Amino acid sequence: MSTPAQITSTEAVRQFKLGLEEFQVEAREAVTQLLLEMRRAVDWIEHDRARYWPREMQLASDAVLQARNDLERCEMAIREEDRRSCYEQKIALEKAKRRLRLTEDKVRAVRRWRVAVHREADDFHGRLAKLASCLDMDLPRALATLERMAVALDRYTERAAPVESSAGLDTAVPASADPSSTAPARADQPEGDVG
């Protein structure tokens, strides 16, 4: 013989539903923020860095040319045995060459990262689209199901609510076990068997 459920409150279902609704709002905001951050990162590589490093490479190339010219002028202005005195121009030329190599490396890196960032952004966008679809399609269905469950549980608790007896005591009497019930016994069930 099964015992009837002892449900006294549907508050937990309603609280869970409210929590799920809050999650839905926060998750949608998070998806929007993530999309904005992704676009910002792609734009930074695609536009900002893709313009910055070639411009810096051109400036570094000009600086190497200028430093080379300064060194040649210095070497032509002094005697052969005093060439060590062009030390500052030699240091400036080496520094300009290092900067040029750095900018060339950065230009190559930006080219590689542009491809990689687009590939990763497309993959990330696809995953976010799945999450957004879940938030827009599956979550509303789950919320509706929770609401139907809460309403059904409310009806159940109303039917199984304690009935006040003549002595003033509350007793819970399920509708199926009520002796005053005039429901006829089923034909396939013997009399007296409550099942």
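Can you give the extra length, in nm with one decimal, that the chain gains between D48 and A30 once fully stretched, where that is 0.36 nm per residue apart less the Cα-Cα distance?
3.9 nm
Straight-line reach from K97: which lysines fall under 23 Å, measuring Cα to Cα and dropping same-chain residues less than 8 apart?
Result set, ordered by chain and number: K106.
Show me the trypsin sites (Lys or Arg not before Pro) within segment 51-118 that DSSP assigns to loop and that have at most 12 other Cβ atoms within 10 Å of their Cβ.
R79
Give me the percent of Cα-Cα pairs in segment 1-154 that sit more than 20 Å apart, rounded to a whole number.
Every Cα pair in segment 1-154 considered, those over 20 Å come to 71 percent.
Please compute the modelled spin-label separation between K130 and E75, points set 7 Å along Cα→Cβ, answer in nm with one decimal.
Using points 7 Å along Cα→Cβ, the separation is 6.3 nm.
Can you spot the lysines whose alpha carbon is less than 26 Å from K17's alpha carbon? Ignore those fewer than 8 places along the same chain.
Those lysines meeting the cut-off are K130.
Determine, from the Cβ-Cβ distance of E37 and R101 and an R0 of 41 Å, the FRET efficiency 1/(1 + (r/R0)^6), rounded to the nearest 0.05.
FRET efficiency, E37 to R101: 0.80.
Here, each number is a calculation from the coordinates, and none is a lab measurement. This structure is a prediction, so every number in the text was calculated from the model and none was measured. Cβ: placed from backbone, ideal geometry, glycine included. Neighbour counts: every protein chain shown.
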